[in-house]
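The values are calculated or read from the model by the stated rules, or taken from the named source; none is laboratory data. What you see is a predicted model, and the numbers here were worked out from it, not measured in a lab. Cβ atoms come from the backbone with ideal geometry, glycine included; neighbour counts cover every protein chain shown.
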Amino acid sequence: MNLRCGRFVLDLQRVAVMGVLNVTPDSFSDAGAYFDHALALERAHQMIAEGATIIDVGGESTRPGAAPVSTSEEIRRVLPVIEALAPQLDAPVSVDTRKAEVARRAVAAGASIINDTGGEDAVEDLTDTAAASGPDGVAVVVMHSRGTAETMTSLTAYDDLVGQVAGYLGRRAESLKAAGVGPDRIVLDPGIGFAKTAGQSLELLKRIGELADLGFPLLAGTSRKSLIGAVLDVPTARRVYGTAATVAWAVAQRVQIVRVHDIEAMTQVVRMTEAIKAGGTPGEPT
């Protein structure tokens, strides 16, 4: 299965590693370490060297409880980074946003993927922005969530968690196709940790392979998240081993893109899991 994103075509028979690049002062995972644009550019190149396939640039924290950021401020944060990285990297740059104007400006600046974090209660629909990029345009990651960063923790009541997440993702994929976004440009993300308790996130991760039946590539974003802290009772900075377990599980369950912070470590986890699934070390007889 291939993912078409602008001038890039990713062969997802080999799991893609999406590197998280938060250019925010209040990221839950790195405490704003890359809010400085020069440091952000340096980190992006380092992530590519460590094995990242995609660089995902975000200018608004989506952690539960985070305050919203204005459209103009989000653009101020992400645009210079995308403008600098897009021509330099032989890899797609993604913009992580829920705002149509941010997505539009990012695509014009060279972003090849829109990572749409709006979810069920999105105020703005990014479908037209993706469709306007043309038949060979950007790819879209559709993520399930509810409410906003400020309200999502109160919106965790589901009658059928997996069924409702699958239903939302399927409807959004169909609306994108109807607008002219090809099925080979659509990725589905169940939104681990977004409007889900730790227990619900574990259930969703356990059954994530069921979502592959929708017929689109799956993305899992479990890196350093609170479900790991809930299970292991460790702070964010010490969740690399728990993240590794979730990444290995996701790859084993047919997930084709993993969104992570610790690129070198998680790339090794991904490649080792792929080798086990294939039945032997690449290049050696099995």
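What are the residues in the stretch 72-121 that are in contact with a Lys or Arg (Cβ under 8 Å, 6 or more places away or on another chain), more than 26 Å from residue 196 (Cβ to Cβ) and polar (S, T, N, Q), if any? Selection gives 112 alone.
Pick from the stretch 128-171 the residues that are free of Cβ contacts under 8 Å to residues at least 40 places away in the same chain and under 30 Å from residue 7 (Cα atoms): which of them is surrounded by the most Cβ atoms within 10 Å (Cβ to Cβ)? Talk me through it step by step, then tell me what you get.
Step one: of the stretch 128-171, the residues free of Cβ contacts under 8 Å to residues at least 40 places away in the same chain are 129, 132, 134, 151, 154, 157, 159-160, 163-164, 167, 171.
Imposing the further condition that a residue be under 30 Å from residue 7 (Cα atoms) reduces the set to 129, 132, 134, 171.
Details: 129: 25, 132: 14, 134: 11, 171: 12.
Looking at the filtered set, the residue picked out is 129.
Tell me, please, whether a residue that is under 20 Å from residue 166 (Cβ atoms), among the basic types (Lys, Arg) and either touching a Gly at 6+ places or on another chain (Cβ under 8 Å) or at pLDDT 95 or above (or both) can be found in the stretch 97-120. No: zero hits. Filtered by the rule that a residue be farther than 17 Å from residue 201 by Cβ and either of a type in the set (Lys, Arg) or assigned to a strand (DSSP E or B) (or both), the stretch 222-266 gives 238, 254, 257.
I'd like to know if the stretch 177-189 contains one or more residues that are touching a Leu at 6+ places or on another chain (Cβ under 6 Å), surrounded by 15 or more Cβ atoms within 10 Å (Cβ to Cβ) and of a type in the set (Gly, Ala, Ser). Outline the logic, then answer.
Step one: of the stretch 177-189, the residues touching a Leu at 6+ places or on another chain (Cβ under 6 Å) are 186-189.
Still in the list and also surrounded by 15 or more Cβ atoms within 10 Å (Cβ to Cβ): 186-189.
Of the ones still in play, those that are also of a type in the set (Gly, Ala, Ser) are none.
So far as the stretch 177-189 goes, no, none of its residues is touching a Leu at 6+ places or on another chain (Cβ under 6 Å), surrounded by 15 or more Cβ atoms within 10 Å (Cβ to Cβ) and of a type in the set (Gly, Ala, Ser).
If the condition is being over 23 Å from residue 154 (Cβ atoms) and touching a Gly at 6+ places or on another chain (Cβ under 8 Å), then the stretch 58-75 contributes 73, 74, 75.
When the stretch 134-170 is limited to residues that are part of a helix (DSSP H, G or I) and not hydrophobic (A, V, I, L, M, F, W, C), the one that is farthest from the chain's Cα centre (by Cα) turns out to be 154. Going by the conditions given, is residue 125 assigned to a loop (DSSP other than H, G, I, E, B), on the phi < 0 side of the Ramachandran plot and either free of Cβ contacts under 8 Å to residues at least 24 places away in the same chain or touching a helix residue (DSSP H, G or I) at 6+ places or on another chain (Cβ under 6 Å) (or both)? So residue 125 does not fit the description; no. If you scan the stretch 254-272, which residues turn out to be surrounded by fewer than 17 Cβ atoms within 10 Å (Cβ to Cβ) and of a type in the set (Asp, Glu)? Scanning the stretch 254-272 gives a single hit, 264.
Is it the case, given these coordinates, that residue 238 is of a type in the set (D, E, K, R), touching a strand residue (DSSP E or B) at 6+ places or on another chain (Cβ under 8 Å) and within 29 Å of residue 46 (Cβ to Cβ)? Walk me through how you get there before you give the answer.
Numbers: of a type in the set (D, E, K, R): yes; touching a strand residue (DSSP E or B) at 6+ places or on another chain (Cβ under 8 Å): no; within 29 Å of residue 46 (Cβ to Cβ): yes.
Here the answer is no, as residue 238 does not meet what is asked.
From the list 173, 130, exactly one residue is assigned to a helix (DSSP H, G or I), in contact with a Phe, Trp or Tyr (Cβ under 7 Å, 6 or more places away or on another chain) and within 25 Å of residue 57 (Cα to Cα). Which is it? Give the steps one after another, and end with the answer.
Working: 130 fails: in contact with a Phe, Trp or Tyr (Cβ under 7 Å, 6 or more places away or on another chain).
The unique qualifying residue is 173.
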